[in-house]
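J.: Just dropping this structure here.
The values are calculated or read from the model by the stated rules, or taken from the named source; none is laboratory data. Because the structure is predicted, anything quoted here is derived from the model rather than measured. All Cβ positions, glycine included, derive from the backbone under ideal geometry; neighbour counts span all protein chains shown.
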Amino acid sequence: MANALAKYIAEKDPVEGELLELLAFNEKMAELGRMAAGVVHELNTPLSVIVSATQMILREEGLPDFVREMVERVNQEAHRLSDMTKGVLSFTRRDVSDHQEADVNQVLREAMTLLRYEAHKRSIAVIEDLDYRLPFIAADANRAKQVIINLVMNALQAMGEGGKLFIRTSQNGEGGVTVQVTDTGPGIPAELLGHIFTPFFTTKEPGEGTGLGLFITRKLMESVGGAIAVESTVGEGTSFTLTFVAAE
């Protein structure tokens, strides 16, 4: 009904139609902020329980090494999720986070530790080309990790079964650090490429995507002073390029 009304007004008065669409968009974003705050509140309690429980387990003596390693990983990821929820609140409140330093290759390794099984399950080969002479990036490690996780998961889902995922780190000509995530998936049609960072835009089936993943990814990059770009060819694949500022 609202879309039909907006279309009708736009036909009668294009300027008023654009204002109505902008108002509807702002209302949707405000609602997203309220939803995010509610989700964060609900997540914090179980996350606190997980952190406390894993810390208690780690105090036990005689744990097998593989059990201790798994529990430590659960503890680390629970802490990361807790930091992410704080980041969501900061994002909805338009807070500016203090930039920190991170080793982008270490961030990549940690992200791929979580996602390598998903790639293996889909019979997707992961090829890494990491430059270990890179400076640290001026970014929070958890935000950088979330960006990479989002892009890698997008790539894996786009390829479905089989294919290759290329991950490359390098230093660009301006002294910054570049991360490229390239897949051999179906690619993105040119007419859709300009919309992929728009909130709520998705090409997935209803119920399979919110259309917020790439929007949040871009906002996370902007929050650390970085940038994200994309190139895609239908039938060949898609490549996302992340550009981080080098730490001083």
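J.: Would you point out which residue out of Thr184, Thr210 is among the polar types (S, T, N, Q), assigned by TED's automatic domain parsing to the domain that holds Ala138 and at pLDDT 90 or above?
T.: On the way: Thr210 fails: at pLDDT 90 or above.
Unique residue meeting the criteria: Thr184.
Conditions tested, residue by residue: (1) assigned to a loop (DSSP other than H, G, I, E, B); (2) surrounded by 13 or more Cβ atoms within 10 Å (Cβ to Cβ).
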residue: Thr45; (1), (2): no, no
residue: Val49; (1), (2): no, no
residue: Ser52; (1), (2): no, no
residue: Glu60; (1), (2): yes, no
residue: Glu69; (1), (2): no, no
residue: Asn75; (1), (2): no, yes
residue: Ala78; (1), (2): no, yes
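J.: Residues of segment 145-175 being surrounded by fewer than 17 Cβ atoms within 10 Å (Cβ to Cβ) and either small (Gly, Ala, Ser) or in contact with a Lys or Arg (Cβ under 9 Å, 6 or more places away or on another chain) (or both), which ones?
T.: Gln157, Gly160, Glu161, Gly162, Ser170, Gln171, Gly173, Gly175 - these are the residues of segment 145-175 that are surrounded by fewer than 17 Cβ atoms within 10 Å (Cβ to Cβ) and either small (Gly, Ala, Ser) or in contact with a Lys or Arg (Cβ under 9 Å, 6 or more places away or on another chain) (or both).
J.: Scan segment 166-180 and report the pairs whose first residue is free of Cβ contacts under 8 Å to residues at least 24 places away in the same chain and whose second residue is aliphatic (A, V, I, L, M) and surrounded by fewer than 20 Cβ atoms within 10 Å (Cβ to Cβ), with Cβ atoms within less than 9 Å and a gap of 6+ or a chain change.
T.: Once the first residue is free of Cβ contacts under 8 Å to residues at least 24 places away in the same chain and sits in segment 166-180, its partners that are aliphatic (A, V, I, L, M) and surrounded by fewer than 20 Cβ atoms within 10 Å (Cβ to Cβ) give Glu174/Ala246.
J.: Can you confirm whether Leu192 is under 13 Å from the mean Cα position of the chain (by Cα) and in the same structural domain as Glu118 (by TED's automatic domain parsing)? Don't jump to the end; show me each part of the working.
T.: On the way: under 13 Å from the mean Cα position of the chain (by Cα): no; in the same structural domain as Glu118 (by TED's automatic domain parsing): yes.
No: the conditions fail for Leu192.
J.: Also, quick follow-up: Just to check your reading of the model, which residue among Glu231, Glu174, Glu222 is farther than 25 Å from Arg122 by Cα, of a type outside the set (Ser, Thr, Tyr) and not in a loop (DSSP other than H, G, I, E, B)? Talk me through it step by step, then tell me what you get.
T.: Working: Glu231 fails: farther than 25 Å from Arg122 by Cα; Glu174 fails: not in a loop (DSSP other than H, G, I, E, B).
Unique residue meeting the criteria: Glu222.
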